[in-house]
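Student: Structure incoming, see below.
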Amino acid sequence: MKTWLKRIALFLLVVFAGAQVVRPDRSTPPTDPSQTIFARAQVAPKAERILRRACRDCHSHDTSWPWYTNVAPVSWWIADHVRHGRSHMNYSEWGKLTPKQSGILLDEMCGEVTKRAMPLPVYLPLHGHARMNDEDIKDFCAWTEEERKRLAGPATAAESAAPATQPAPSKKNP
């Protein structure tokens with residue numbers, strides 16, 4: 001019986017060692033500072049602090065890769081989370097978004113933190129600094145609402161400046 005346990009342990013050790021050869025992409029692409037959310041949006045100071053401490057690792061090119069992101073299979077899982085996070089919202093590339101896309105993301109961001117779906121609950125045990133309390137959520141959502149209004153402002157002003165459509169003339173005879 002002990003021989004089988006040794007064989008299983010040896011097999012698992014070989015699989016674990018072999019898994020270390022498969023390295024996920026842990027890149028931190030260069031960032032054009034003029035394209036970030038901080039350059040393109042009017043980010044309130046409290047919201048900026050929250051974005052930097054709670055969102056940066058998965059939603060920007062400024063990801064910090066701790067030592068455990070070098071160990072498979074954890075490295076695969078975390079790299080996938082970062083890739084997925086960047087694909088949904090990457091504040092390093094905010095300048096590539098239209099005002100409409102930015103508004104939608106701002107609304108989604110508030111919704112996700114309000115539901116406490118973001119930051120991911122699995123991220124928080126090792127990154128307690130990212131935890132958002134009720135006041136953080138209130139401040140963050142107040143900023144997202146203000147920024148959405150600011151983005152919608154020029155379009156709303158243009159629509160109200162356009163001449164109103166005249167109703168079709170009535171076909172009744174006087």
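Student: Taking the 0 to 90 degree range and rounding to the nearest ten, how far is the long axis of helix 74-88 tilted relative to the main principal axis of the chain, both from C-alpha atoms?
Tutor: 10 degrees
Student: Also, quick follow-up: If each of T98 and W77 carries a label point 7 Å out from its Cα toward its Cβ, how far apart are those two points in nm?
Tutor: 3.9 nm
Student: Moving on to the next point. Measure nothing but the geometry: give the 0 to 90° angle between the long axis through the Cα atoms of 134-161 and the longest principal axis through the Cα atoms of the chain, rounded to 10°.
Tutor: Tilt of helix 134-161: around 40 degrees.
Student: Just order 92-101, 49-58, 140-149 by mean Cβ neighbour count inside 10 Å, highest at the front, would you?
Tutor: Numbers: 92-101: 15.3, 49-58: 19.4, 140-149: 17.8.
Top to bottom by mean Cβ count within 10 Å: 49-58, 140-149, 92-101.
Student: With a 4.7 Å Cβ cut-off, tell me which Cys residues in the chain come up empty for a partner.
Tutor: C55, C58
Student: As I understand it, the dipole of the chain uses +1 on the Cβ of Lys and Arg and -1 on the Cβ of Asp and Glu, about the Cα centre. Which of G153, L97, P125 lies farthest toward its positive end?
Tutor: Final value for the positive-end residue is P125.
Student: Moving to a separate point now. Treating the beta-carbon of each Lys and Arg as +1 and of each Asp and Glu as -1, no other charges, what is the dipole magnitude of the stretch 1-94 about its Cα centre, to the nearest 20 debye?
Tutor: 460 debye
Student: Check V43: other-chain or 5+ apart residues with amide H under 5 Å from its amide H, H built from backbone geometry?
Tutor: none
Student: Hey, if you put +1 on the Cβ of every Lys and Arg and -1 on every Asp and Glu Cβ in the chain, which of I50, I137, S64 ends up farthest toward the positive end of that dipole?
Tutor: Of the candidates, S64 comes out farthest on the positive side.
Every read-out reported here was derived from the displayed coordinates using simple, explicitly stated rules and does not represent laboratory data. As the structure is a prediction and not an experimental result, all values here were calculated from the model. For neighbour counting, all protein chains shown are included, and Cβ atoms are generated from backbone atoms with ideal geometry for every residue, glycine included.
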